[in-house]
Amino acid sequence: MPKVTVDDQEIEVPQGATVLQACELAGKEIPRFCYHERLSIAGNCRMCLVEVAPGPPKPQASCALPAADGQTIRTDSALVKKAREGVMEFLLINHPLDCPICDQGGECDLQDQAMAYGRSKSRFHENKRSVDDKYMGPIIKTAMTRCIQCTRCVRFAEEVAGTPELGLLYRGEDLQITAYLERAVTSELSGNLADLCPVGALLQAPQSFEARPWELRRMPAIDVMDAVGTNIRLDTRGPQVMRILPRINEDVNEEWCSDKTRHHADALVRGRLDRPWVRVAGKLREASWGEALAGLAERLRAAGPKVAAIAGDLLDAETMFAAKKLLQGQGSALLEGRQTGLDYDVSSLSAVAFNSTIAGIEDADVILLVGTNPRWEAPLVNTRIRKAVRRGGATVFSIGPLVDLAYPVTNIGDDLALLGKLPSNVAEAFAAAERPALILGPGALAAGALGAGLAAAASLNLVREGWNGFNVIHTAASRMAGLLLGYAQPGGIADVEAARPDVVLLLGADEVAPERFAGAFKVYIGHHGDKGARQADLVLPAAAYPEKHGTYVNLEGRAQRGEKASFPPGDAREDWTIFRAVSDLLGKPLPFDRFDQLRAAMIAEVPALGIDGLIDLPWAAPSLAADASGPVTLPISDFYLTNAITRASPTMHRCSAELLRGETFAEAAE
C-alpha cells in the first residue's frame, strides 16, 4: 500500500486511491463540485486543488491524481488557498445572485464552499451570461443560468440510471447542459439529479417554493412503495410531510431512491380517511368512533371464528401482529397477505427471499431474469444489476416480455418451459460462471413457476459454498414480514374465500378484487379512500406509514424500523389502537396498552423481527412440481400508480400521463 504524507501526517492508502481520497483518509476536508464517490471522475471544476510533490510547481486537481508512494501533499498552503479562491471567483462569474429565492438555499454546496474557500469580493464586472431553462419533465425543475457545468447529472444519467438523456452543448462560455431534443427525462430515478446538483440548477419541481430546509424536522423512515426497504428521511413542517429524501445505506439503496418514493408526499394530505364511515342502504355515511367500534364488535361476536384478515402491501409488522392477535381471540387463523391471488409455497422462507442480497447481486457474473421487470418492481435492485453488467461484465438473460432494463439483456423467449431446458448458450454461460444468479419475479410466481425456478437452481448449481444465487423479487413492502407472521394460506386468498368468513378485515388491502367475499361484512382499516374503502361496509380511518412507528422486512429478509414523523389527520388512529379498542368491547383485551409493549410481544413471538439487519433464513428448498409452462405476464403496468398512496398523488398521475402515456402539458408561458 502506498505511503503518502498529508500536511506532515504520514498515512497508508489503498492501491488505486486518488490524492483526494488520501486527504480524506487523513481527516482533511477537500472542497469539490464535480467529484462524487459513486460517479466516474470528470476533473472539470478544479475546486479540489492541492499542492503535490514531486510534481509540477502548481496546484493539481486531487480528484484525478492517483496517490503514489512517497508523495507529499499540502492542503493548507498559501498557494492552495489562493488557487481555490481563484477557482471559486471564476465559478461565480456567471452565477446569479438568486440565493434569497433559490430552493437550494440553506443546503447548497456552492454557498457553503463560497463562504469557506472564496473571496469576499470579485474582480469581474462584465455582464453575466444567461442560459434558457430546459424542460426535463414533471420531476425536475431547471434554472440553468445557475449551472456550473460539473456534469454530475450527465454522469448519473449515463452510469447509474442507464438513461443517457442529458449531455453538453457548445464550448467555452457557451457550454450548457440540456436534455436531448428538449424531452422529459424518462428515468424512474430522475429525482436523484437534484440531490446531486451542487448548486440550484436542478431542483425538485413538485416541492418548488414549498419550504426552507431550516423549517423542517427530520425523521428516519423506511419506504413502502416497493419491497426494497429504501432508507428515507421524512422532512415535516407541522403535521405535514413536506419532502422525502434518501438516507445512505450501503447494503440497501446506497444513497438513491426512486421518483415514486420521493414524490408521493403530496398524497399524504389528499384523499385521506379522517373519520369512520358506515354503509347504510348501500351508501356510506359518517359515524362516530363509538358507533363504528360497537358495530364491529357486534359483528365479530356474531361471527365467532369465521373472521379473516387480509393484509395490504404497505403495512408494518406491528399492525399485522395486532390484527393476528385479535383474530386468535376469535379462534381464527384466516390470515393472508397476498391479496392479488398469489399462492406460492412458503414452507421455506429462504426459497422466496432475495438470497444473494441486494448488494451481493453486484458480484454475479451471469444472471437469468424470469418473469420480472426489476426496473419497475425494484428500481434499486435494477441499479445493482446494471452495476454488475458495467463494472463486472455480467451477462444477463431473460424469460418473459421484452422490456428496457437500461442494460444489455438477451431475451431467450416468453415460455416458462424454457426453465426446464435452457438454450445451450445459456447453459454454457451458467456452467462457466463462478457466481450465477436466478431472479424470479412476481410474474413468474403468479404463473406458478417457483418449483421450476428451484429445479433450475439445483440443476445450475446456484447454491454453493459462500454463494446463494436463487432470488425472488416481491413488490409489497409488507410481504416478508407478513410471511414471518403467518399471513399465508396454502392456497392463498382462495383458501380464505373458500372458508366463507362472515367478517373480513381489509388491512389497507386495496388490491382485493371486489367480487371476492361477496357475502361477508367487509371492514376496511386504512388511510386513503381508494379501492378497499369503496367496497367496504365499514371504513375505519388509520395511520399511513409516516404517522406511526413500524418494523419492515425487505425482500432480502432485512428487518428495519421506521419512526413516527407526523400524526394521522382528523379522527384517524394508529391501526393497532383500533384492534386494542375492539378487543376491549369483545371482553378479550389484547395484552398490550402501549406501542413498546406491542413491539415487545411481537418480538417475543417472532424473535426474527427484533433483529436489526439481515434475518438468518437457512437455505431449504421445498419439493415442488417443476412443470411450469406458458407465457409470463408482468403485474405492474404503470410504475407510478401501484398503490393507494400513489393513486392519490397529483405528481404521480402527471408522471404516469406524461412519461408513460405520452400526454403533453402546457407550461404557464404557453
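The values are calculated or read from the model by the stated rules, or taken from the named source; none is laboratory data. Remember, predicted model here, so these are calculated numbers, not experimental data. So basically every Cβ, Gly included, is an ideal-geometry build from the backbone, and we count neighbours across all protein chains shown. Please note that ligands, DNA and RNA were not included when accessible areas were found on the heavy atoms of the full protein model with its side chains. Shrake-Rupley method; radii C 1.70, N 1.55, O 1.52, S 1.80 Å.
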Segment 516-664 - convex hull of the alpha-carbon atoms, volume per residue in Å³
232
Residue-wise HN-Hα coupling along segment 637-643, computed from phi with Karplus coefficients 6.51, -1.76, 1.60 (Hz; x: Gly, Pro):
9, 9, 4, 8, 10, 10, 8
What residues have an amide H closer than 5 Å to that of VAL463, excluding those fewer than 5 places away on the same chain, when H is modeled at 1.01 Å from N in the peptide plane?
GLY469
Calculated [θ] (222 nm, deg cm²/dmol) that DSSP helices of n ≥ 4 give over the chain, each run adding -39,500 (n - 2.57):
-6500 deg cm²/dmol
Considering only the other residues whose Cβ falls under 13 Å of the Cβ of LYS421, what net charge follows from Lys and Arg at +1 and Asp and Glu at -1?
-2
Which net charge results when you count Lys and Arg as +1 and Asp and Glu as -1 among the other residues whose beta-carbon is under 15 Å from that of GLY610?
-3
Among 548-558, 600-610, 262-272, how do they line up by average Cβ neighbours within 10 Å per residue, starting with the highest?
548-558, 262-272, 600-610
Please calculate the 1.4 Å probe accessible area of ARG516, with all protein chains present, and give it to the nearest 10 Å².
50
Surrounding net charge for GLY448, when Lys and Arg each add one and Asp and Glu each subtract one, Cβ distance under 12 Å
-3
At 1.4 Å probe size, what's the solvent-accessible area of LYS283? Round to the nearest 10 Å².
150
Loop-resident sites, segment 404-494, for chymotrypsin sites (Phe, Trp or Tyr not before Pro), counting at most 10 other Cβ within 10 Å (DSSP)
none
Equivalent-ellipsoid semi-axes (√(5λ), Cα gyration tensor) for segment 101-215, whole Å, largest first?
24, 19, 13
Value in Å of the Kirkwood radius, where the chain supplies the Cα pairs that are averaged:
27.2
Measure nothing fancy, just the Cα-based angle from helix 289-303's long axis to the longest principal axis of the chain, in degrees from 0 to 90, nearest 10.
50
Accessible area per residue of segment 236-322 at 1.4 Å probe, in Å²?
38
Taking a point 7 angstrom from the Cα of GLN15 along the C-beta vector, which residues in segment 64-86 have backbone N less than 20 Å away?
65-71
In percent, how large is the relative contact order of segment 1-105, given Cα pairs closer than 8 Å and 6 or more residues apart?
29
What is the spin-label model distance, in nm, from ALA78 to ASP584 if the labels are put 7 Å beyond Cα along the C-beta direction?
7.6
Name the shape class, rounded, prolate or oblate, that the alpha-carbon gyration tensor gives for segment 500-558, where a ≥ b ≥ c are the square roots of its eigenvalues, rounded holds for a/c under 1.5, and otherwise prolate holds if a/b is larger than b/c and oblate otherwise.
prolate
Taking Cα atoms, how many degrees apart are the long axis of helix 595-605 and the longest axis of the chain, rounded to 10 and kept between 0 and 90?
70
For a quick check of understanding: with a 1.4 angstrom probe and all protein chains in place, what accessible area in square angstrom does ILE645 have, to the nearest ten?
0
As a test of reading the structure, rank PHE579, PHE521 by solvent-accessible area (1.4 Å probe, protein chains only), most first.
PHE521, PHE579
Share of accessible surface on carbon and sulfur in segment 211-284, whole %, 1.4 Å probe and ligands ignored, is 51
Given the pairs LYS283/LYS325; LYS324/LYS531; LYS28/LYS387; LYS134/LYS260; LYS283/LYS548, which span a C-alpha to C-alpha distance of over 25 angstrom in this model?
LYS283/LYS325; LYS28/LYS387; LYS283/LYS548
How about segment 613-666: which chymotrypsin sites (Phe, Trp or Tyr not before Pro) there are in a DSSP loop, with at most 10 other Cβ atoms within 10 Å of their Cβ?
none
Assuming a ≥ b ≥ c are the square roots of the Cα gyration tensor eigenvalues, decide whether segment 200-279 counts as rounded (a/c under 1.5), prolate (otherwise, with a/b larger than b/c) or oblate.
oblate
Give me the three principal axis extents of segment 470-604 from the C-alpha atoms, as integers in angstrom, largest value leading.
46, 37, 29
Over segment 109-191, average the accessible area per residue using a 1.4 Å probe and give it in Å², no decimals.
53
Considering only DSSP beta bridges whose two residues both sit in the chain, what percent are antiparallel, to the nearest 5?
55
To the nearest Å, what is the center-to-center distance of segment 243-261 and segment 454-499, using C-alpha atoms only?
25
Could you tell me how many degrees, from 0 to 90 and to the nearest 10, lie between the Cα long axis of helix 575-585 and the main elongation axis, the longest principal axis, of the Cα atoms of the chain?
20
Long-range amide H partners of THR18, meaning residues 5 or more apart or on another chain whose placed amide H is closer than 5 Å, are ALA67
